[in-house]
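Note sheet for the following structure.
The values are calculated or read from the model by the stated rules, or taken from the named source; none is laboratory data. No experiment lies behind these values; they were computed from the predicted model shown.
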Amino acid sequence: MKRFFNFSKGNLLRFILLSAFISFFYLEGMISITLFMFFEIIFLIRFINLKKYVEMKLLDHYPAYEHLPGWAKWIIILIAYLIIFIILKWILINVILEGIFHIPINNEIQELTNYSTK
């Protein structure tokens with residue numbers, strides 16, 4: 001499993017710099033917390049080499065994967081990225097922000113829906 005993660009110095013440095021940049025905009029009030037979370041999740045996904053993992057697992061279990069057209073392989077990989085994005089978003093919202101730091105994210109989301117329905 002270790003070979004599917006890319007924790008190189010360049011990736012770590014890029015994550016820290018981009019997170020600091022986005023954090024500045026969040027702290028200055030230029031972006032909302034949901035947009036901040038979106039960018040942080042995108043930055044975290046860069047550490048996962050999901051394409052290599054999906055191709056290895058699918059080739060082991062489904063040998064016909066090798067004969068699929070290129071566009072079908074990319075759709076499968078994009079769906080895998082979407083699933084990872086949803087899982088990381090759930091962990092960030094429910095476990096880290098609301099569970100550890102006690103920041104009520106659901107209230108902000110409910111306020112946004114109230115404004116859109118009026």
Based on this model, can you work out whether HIS102 counts as at pLDDT below 80 and of a type outside the set (Val, Ile, Thr)? yes
Flagged in region 30-87 as under 20 Å from the mean Cα position of the chain (by Cα) and small (Gly, Ala, Ser), in numbering order, are SER32, ALA80
